[in-house]
Amino acid sequence: MNTAEIIIVGGSAAGLTAAINLKMRWPEKKLLVIRNVRNTVVPCGIPYIFGTMKDVEKNVIPDAMFVDMGISIINQHVENIDKENKTIELDNGEQLSFAKLIIATGSKPLLPNMPGIDLDNVHAIRKDPDYLQQLFSALKKARNIVIVGGGFIGVEVAEQVAKMDDSSRQITLVEALPHCLLQAVEEEFCINAEQQLGDIGITIKSGVKVEGFEGDQAVNAVRLASGESLAADLVLVGLGSVPNIDLAKKMGLVCDSRLGIAVDKGMQTSAVDIFAAGDCASKFSPLTGKVSGVRLGSTACSEGMIAASNLYGLHRTTPGAVGAFATSVGNICIGSVGFTSQAARDEGIEFCVGAFEGPNRHPAHLPGGIVDMKAILLFRKDNGKLIGGHIRGGDATAEIVNILAVAIQGGITAEQLATMQYATHPLLTASPSSYQIMMAAEQVAIQRQC
């Protein structure tokens, strides 16, 4: 029986980040990563395979950097884990033993139980380079493409498929909510994103549900609850994901099909010396303490770091899944963190809103300048703390969202955010006298003083 002091099951964001952290802390320990795909893809880069990179292999993370650190990687499926005896059985019959284990099995696509879901050419996004190559080839041949789900994945894939080549395609994006991206960003920014998609020929059908898929062997139509039928020779379902807990259930860990593997704030499972991180692990919101459905690569990497550092007693804890998003749609970038206005209302939280729009350069006609970069910030009425931030702008959007993510995790108030000192430069940022998040926060600080 082969032995490794530490075994990580899963080789994507959480698993590989954990592996790097472990080698940085304890380089002498024998470490093995087991994954069930031939190579690891960059999860957030998947949509850009189709229109920007135009090549699946350009989105593959090379193994060499991990191997050079002394991390062993094998491509096998784990059949079972005996948590009491600390052994792993692979599907090729090989058995391994471990002292410490991190489960990072990720998530799998949420596929609705509806008629026709098993028809040929009904696809989902999977983090498998061989599957993605098949999807890429199918998309190149398809002429009537329907994307079900208008979240970040659906919006990004729709835009990228529209950029694949010069072929004529009808691309329709179907979203059950009134607008795409509505669960993540403020409605105004959702409308901006939809306008950008419309400008490149994508048809958006929002406020309507899909009832099923039609066809004999392969899909040829999507049936909507409105009674309308959309011609489709390929359907991509992008309705989110669910934690992949199949292995955890089989080995007897405490877990829930919707919430994931139960972990404490140090990412330890119900079993001694076994941790879980990433999409497969349960999450909570730092704003409410309640269960969270946020599953992001950035969250997975954070949890992988925490799990790895706690194997031998460092005792780091997760602050929760804050949910920081960013994307690029057409000529604009949109990002958010924390609550939308609707989500805050749903939680019964009273809040104040500050908003400020202005150029992202000073003066605005400098290279890269836009005149309408906007911040919408939400603060609790009772204590003034930031609970939500939404940005529409240029390339710096994600980094400004990162500022807001740190502010939320640090319990920063409107008063503090308004008087905080920021790095600014004419070619890189808005003016220091009209920095969007500073001015939006100041509006709320003044409201709270009145």
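Cα-based Rg (one decimal) and Dmax (whole number) for region 331-449, in Å?
Reported Rg and Dmax, both Å: 13.7, 44.
Using a simple charge model, +1 on the beta-carbon of Lys and Arg, -1 on the beta-carbon of Asp and Glu, nothing else, what dipole does the chain show about its Cα centre, in debye to the nearest 20? Let's see the in-between values first.
Working: 38 positive and 47 negative charges, 158 e Å.
Result for the chain is approximately 760 debye, rounded to the nearest 20.
On full extension of the chain, what length is gained from K290 through R38, given 0.36 nm per residue of separation minus the C-alpha to C-alpha distance?
Extending this stretch completely gives an extra 87.1 nm.
Take each of the peptides 235-244, 427-436, average the number of other beta-carbon atoms within 10 Å over its residues, and list them starting from the highest. Walk me through the numbers on the way to the answer.
Values: 235-244: 22.0, 427-436: 17.3.
Taking the mean over residues of other Cβ atoms within 10 Å, the ranking is 235-244, 427-436.
Suppose every Lys and Arg Cβ carries +1 and every Asp and Glu Cβ carries -1, with no other charges. What dipole size does region 331-449 come out with about its Cα centre, to the nearest 20 debye?
Dipole of region 331-449, to the nearest 20 debye: 60 debye.
Sequence neighbours fewer than 8 away in the same chain don't count; with that in mind, list the lysines whose C-alpha is under 29 Å from K163.
In chain and number order, the partners are K54, K58, K108, K127, K140, K141, K205, K209, K374.
If Lys and Arg each add +1 and Asp and Glu each add -1, what is the summed charge of the other residues whose beta carbon sits under 12 Å from the beta carbon of V78?
Cβ neighbours under 12 Å give a net charge of -4.
Would you mind computing the Rg to Rh ratio of region 286-360 from its alpha-carbon coordinates, Kirkwood style for Rh?
1.07
How large is the Kirkwood hydrodynamic radius of region 1-109, in angstrom, based on all distinct alpha carbon pairs?
14.7
Work out the FRET efficiency for K163 and V406 from their Cβ-Cβ distance, taking R0 = 25 Å, and round it to the nearest 0.05.
0.15
Which three numbers, in whole Å and largest first, are the semi-axes of the equivalent ellipsoid of region 111-239 derived from its Cα gyration tensor as √(5λ)?
That gives 21, 18, 14 Å for the three semi-axes.
Distance from the Cα centre of region 154-182 to that of region 367-429, in angstrom?
29
Semi-axes of the equivalent ellipsoid for the chain, please: Cα gyration tensor eigenvalues, times 5, square-rooted, ordered largest first, whole Å.
In descending order the semi-axes read 36, 31, 21 Å.
Highest first, please rank the peptides 189-198, 289-298, 394-403, 6-15 by the mean number of other Cβ atoms sitting within 10 Å of their residues.
On the way: 189-198: 19.5, 289-298: 16.1, 394-403: 17.8, 6-15: 27.4.
Ranking the peptides 189-198, 289-298, 394-403, 6-15 by packing returns 6-15, 189-198, 394-403, 289-298.
Please compute the net charge surrounding I349, taking Lys and Arg as +1 and Asp and Glu as -1 over other residues with Cβ under 11 Å from its Cβ.
Details: positive: R345, R380, K381, K385; negative: D346, E347, E350, D382.
With Lys, Arg at +1 and Asp, Glu at -1, the net is 0.
Here, each number is a calculation from the coordinates, and none is a lab measurement. Just so it is clear, the structure is predicted and the values come from calculations on it, not from any experiment. Using ideal geometry, Cβ is built from the backbone for each residue, glycine included, and neighbour counts are taken over all protein chains shown.
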